[in-house]
Amino acid sequence: MSTSKDYLNFLLDQLSSLEGITYRMMMGEYLIYYRGKVAAYVCDNRFLIKPVPSAIKMLPGAEYDSISPEGRKKLLRVDNVDDGNFLADLFRSMYEELPAPKSK
């Protein structure tokens with residue numbers, strides 16, 4: 001199952017208070033970038049973020065989920081997507097801990 005464009009647009013609207021939010025489609029799913037760094041994945045209408053320390057702290061008890069059938073890449077699933085202020089704070093807190101983009 002792929003992510004619906006409506007769900008992606010909803011998430012982008014929730015993050016609209018942040019400057020530097022962009023996205024890219026990959027095989028029917030989406031990567032969300034914050035100021036040039038990959039911050040989240042939108043897969044099968046699930047909002048998954050990188051499990052950096054600040055995200056783990058802000059999401060105590062959040063479940064880990066995977067974007068691959070093999071379960072190799074573990075990410076934090078964000079269920080509280082209705083609170084745009086929380087999501088913006090989450091992305092701001094994560095920024096410094098996110099890996100720098102790989103050079104091409």
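Every number here is computed from the coordinates shown, using simple stated rules; none is lab data. Please read all numbers here as calculations on a predicted model, not as lab measurements. Here the Cβ is made from the backbone with ideal geometry for all residues, glycine too, and neighbour counts use every protein chain on show.
Here are the numbers for this structure:
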read-out: Filtered trypsin sites (Lys or Arg not before Pro), the range 1-88: DSSP coil and at most 15 other beta carbons within 10 Å; value: Arg35, Arg72, Lys73
read-out: Likely footprinting exposure, Thr22, Thr3, fewest C-beta neighbours within 10 Å first; value: Thr22, Thr3
read-out: Karplus (6.51, -1.76, 1.60) ³J(HN,Hα), θ = phi - 60°, over the range 23-33, in Hz, Gly and Pro reported as x; value: 8, 9, 7, 9, 6, x, 10, 9, 9, 10, 9
read-out: Fully extended contour minus Cα-Cα distance, from Ala100 to Lys74, at 0.36 nm per residue; value: 7.5 nm
read-out: Length-normalised contact order for the chain - Cα pairs under 8 Å, 6+ apart - percent; value: 27
read-out: Tail beyond 24 Å, pair distance distribution of the range 5-97 (Cα, percent); value: 11
read-out: In the range 16-52, chymotrypsin sites (Phe, Trp or Tyr not before Pro) in a DSSP loop with at most 10 other beta-carbon atoms within 10 Å; value: none
read-out: Gain upon complete extension [Asp89, Asp6; 0.36 nm per residue less C-alpha separation]; value: 27.6 nm
read-out: Given the chain, longest segment not containing exposed loop GluC sites (Glu not before Pro) (DSSP; at most 14 other Cβ within 10 Å); value: 20-62
read-out: Point-charge dipole on Cβ atoms (K/R +1, D/E -1) for the chain, about Cα centre, debye to 20; value: 580
